[in-house]
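Participant: Structure below; questions to follow.
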Amino acid sequence: MSDAKLTINGKDYEFPVVEGTEGEVGIDVARLRGETGAVSLDPGYGNTGSCQSAITYIDGENGVLRYRGYPIEDLAEKTTFEEIISLLVWGELPDEERLEELRTTLAEYAVIDEGIKDVLSGFPRTAHPMAMLSACMSALESYYDTSGSSDEDVLRVIAGMNTLAAYIYRYKQGLPYVYPSKDLNYAENFLHMMYGTPGEDPDVNEVIAEAIDKLLILHADHEQNCSASTTRMVGSAKATLYASVAAGVGALSGPLHGGANQRVLEMLQSIQDDGGDLEKYIDLAKDKSSEFRLMGFGHRVYKNFDPRAKILKTSADDVLADLGKDDPLLDIARDLEQVALEDEFFVKRRLYPNVDFYSGIIYRALEVPTEMFTVMFALGRISGWVAQWKEMLDDPAFRIHRPRQIYIGEGEREIPPISER
Ligand code: CMC
């Protein structure tokens, strides 16, 4: 492909064009500032490729999502979360032996240092689980004598996330902690630590464990999203994996990102409490003078449909049927989707249900408290953060992430005496 030409102040410059596996085109402006003195300006990074990556491919126009080439629909149907960890972090699906090794190591490392209970005990029981998760992930590093960036850390961080998620729930509920079992996989151990009885053998509902496993797979990675970019950004300073992931948790907590799943449920609940008047909420979302947005709708990349939402919509039906539950909020969600998809405002802006729209209904059916929903997102996304962080450090083009800016503040000025300010 020929170079891209740029003219600044009448002078021409040429920049190489790079092409991805699926034909996506990028203009490599790494030399831009050095050659022209100018920088690119792209608030929100909507047009900026921050790296070349071989992990996840998204085609937002056609609703395609693949991890390392495998379609998400196939992965959700045929693999387990442990296989996804191997695929994302080390590049390939594991054979049987490696899979068993991964499962047992993750179960072994899920036994975290007892000191973390002291960290937890410092939080008020009203603390938000995501604030606790970020702080505990940072703290976890202190208990291990490793570099903070080895393969051992990779597995300790992923396993630690599982235990922290469950411990946070137990602490908030004022319940005694339940230790992980060496015989369980990641999703089963999570359920055992969340809902088990201390000292008793695990008694995990397999329907629920499989539903959780599928949710973990669907949330595992999503290329350069806000929290993955944050994890890479912090890691680029050679901060440890624990510190980088703790920052990723902070980014994920925001309502425009992973925090949306909690907000979706709260929104559906408000609609129900308010008598089920969908039009009122649709009008509010369209009203530019209001801050209200239809939570669980819209996506920076997907402009036709979010393939994860499609899978989850069916999954929500299946899980409710399996558990013999009937949730009026699912009916409201379906109706809201229908109304929004026919409304010109949403059609014109190509706003469709995203992954967070139906996941909350499933978590609710599984009796996960609403406040814990974003922690559930993190439980899956940890695999993607680790993979993105590792790929960045192994990249021959590695440099600390340090964007430029266009300064628009005051010119140089003198400090006036305090009496004149
Ligand atoms: N409800 C109402 N209007 C919306 C919504 C929404 N959910 N999303 C976007 N819009 C409007 C927005 O007001 C703007 O309108 P206009 O062009 O008239 O000013 C237009 O659509 C484009 O919106 P944007 O904010 O410029 O789009 P973005 O790509 O910067 O933001 C988004 C993407 C996901 C942050 C946004 O759609 C949103 O806030 N959605 C609700 C929160 C949500 O569900 N987040 C979860 C995202 S999926 C999980 C994840 O990856 O974390």
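Every number here is computed from the coordinates shown, using simple stated rules; none is lab data. Owing to the predicted nature of the structure, the values given are computational and were not obtained by experimental measurement. Cβ placement follows ideal geometry from the backbone for every residue including glycine, while neighbour counts extend to all protein chains displayed.
Participant: Mean separation of Cα pairs under 8 Å and 6+ residues apart, divided by the residue count of the stretch 12-86: what relative contact order is that in percent?
Facilitator: Relative contact order, the stretch 12-86: 14 percent.
Participant: Express the Stokes-Einstein translational diffusion coefficient of the stretch 287-421 in µm² s⁻¹, to the nearest whole number, given a Kirkwood radius over alpha-carbon pairs, 25 °C and a viscosity of 0.890 mPa s.
Facilitator: Answer, rounded: 128 µm²/s.
Participant: Hey, another quick one. Alpha carbons only, please: Rg and Dmax for the stretch 272-331, in angstrom.
Facilitator: Radius of gyration, then largest Cα-Cα span, for the stretch 272-331: 14.7, 43 Å.
Participant: In degrees from 0 to 90, rounded to the nearest 10, what is the angle of the helix 129-140 Cα long axis to the longest principal axis of the chain?
Facilitator: Tilt of helix 129-140: around 80 degrees.
Participant: Arranged from highest to lowest average of other beta-carbon atoms within 10 Å per residue, in what order do the peptides 226-232, 294-300, 43-49 appear?
Facilitator: 226-232, 294-300, 43-49
Participant: Still on this structure, I have one more. Quick one: in the chain, what % of C-alpha pairs are over 29 Å apart?
Facilitator: Here the tail beyond 29 Å accounts for 50 percent of pairs.
Participant: Follow-up question, since we're still on this one. Hey, which lysines would be in cross-link range of Lys348, C-alpha to C-alpha under 16 Å, not counting anything within fewer than 8 residues on its own chain?
Facilitator: The reachable lysines, counting only those whose Cα sits under 16 Å from Lys348, are Lys286, Lys288, Lys303.
Participant: Tell me, what is the percent relative contact order of the stretch 4-49, built from C-alpha pairs under 8 Å that lie six or more residues apart?
Facilitator: 24 percent
Participant: So, one more: Among Thr56, Thr21, Thr314, determine the one that fluctuates most according to a GNM of the chain built with springs between C-alpha atoms less than 10 Å apart.
Facilitator: Maximum among the listed residues: Thr21.
Participant: Run the numbers on the stretch 260-365 and let me know its relative contact order in percent, using alpha-carbon pairs under 8 Å that are six or more apart.
Facilitator: Reported relative contact order: 42 percent.
Participant: Percentage of Cα-Cα pair distances in the stretch 353-402 greater than 16 Å, rounded to whole percent?
Facilitator: 56 percent
Participant: Continuing with the same structure: Dipole magnitude of the chain about its Cα centre, charges +1 at Lys/Arg Cβ and -1 at Asp/Glu Cβ only, in debye to the nearest 20?
Facilitator: Taking the Cα centre of the chain as origin, the dipole is about 1600 debye.
Participant: Note the full-extension length gain between Gln338 and Asp395 as 0.36 nm times their separation in residues minus their Cα-Cα distance, in nm to one decimal.
Facilitator: Computed gain between Gln338 and Asp395 is 16.1 nm.
Participant: Rounded to the nearest 500, what is the chain's calculated 222 nm mean residue ellipticity when only DSSP H runs of at least 4 contribute -39500 (n - 2.57) each, over all residues?
Facilitator: -16000 deg cm²/dmol
Participant: Per Stokes-Einstein, at 20 °C and 1.002 mPa s, what whole-number D in µm² s⁻¹ belongs to the stretch 4-49, with the Kirkwood radius over Cα pairs as the hydrodynamic radius?
Facilitator: Translational D for this selection: 182 µm²/s.
Participant: Further question on the same structure: Given 0.36 nm per residue, what is the gain on full extension from Arg421 to Glu152 after removing their alpha carbon distance, in nm?
Facilitator: Gain on extension, Arg421 to Glu152, equals 91.2 nm.
Participant: Let me ask another. With springs only between Cα atoms under 10 Å apart, run a GNM on the chain and tell me which of Gln269, Gln52, Gln405 wobbles the most.
Facilitator: Evaluated over the chain, the most mobile residue of the options is Gln405.
Participant: Please give the helix 151-173 orientation as an angle from the longest Cα principal axis of the chain, in degrees from 0 to 90, rounded to the nearest 10.
Facilitator: For 151-173 against the chain, the angle is about 60 degrees.
Participant: For the stretch 340-385, with the dipole built from +1 on Lys and Arg beta-carbon atoms and -1 on Asp and Glu ones, taken about the Cα centre, which of Tyr358, Thr374, Trp385 lies farthest toward the positive end?
Facilitator: Trp385
Participant: Have a look at Pro202, Pro403, Pro307 and tell me which one the Gaussian network model of the chain (Cα, springs below 10 Å) gives the largest fluctuation.
Facilitator: Fluctuation is largest for Pro403.
Participant: Using only the alpha-carbon atoms of the stretch 260-365, report the extent along each of the three principal axes, biggest first, to the nearest angstrom.
Facilitator: Principal-axis extents of the Cα atoms in the stretch 260-365, largest first: 41, 32, 22 Å.
Participant: Related question: Which FRET efficiency value, to the nearest 0.05, is calculated for Asn47 and Glu367 with the Förster distance at 51 angstrom and r the Cβ-Cβ distance?
Facilitator: Efficiency at R0 = 51 Å is approximately 0.75.
Participant: Summing +1 for each Lys or Arg and -1 for each Asp or Glu, what net charge is found among the other residues whose Cβ lies under 14 Å from the Cβ of Ala76?
Facilitator: Residues near Ala76 contribute -3 overall.
Participant: Also: Going by alpha carbons, how many degrees (0 to 90, nearest 10) lie between the helix axis of 206-218 and the longest principal axis of the chain?
Facilitator: Around 0 degrees separate the two axes.
Participant: Using all alpha carbons of the stretch 1-103, what is the percent of pairwise distances in each 5 Å bin, ordered from the shortest bin to the longest?
Facilitator: 2, 9, 16, 16, 13, 11, 9, 8, 6, 4, 2, 1, 0
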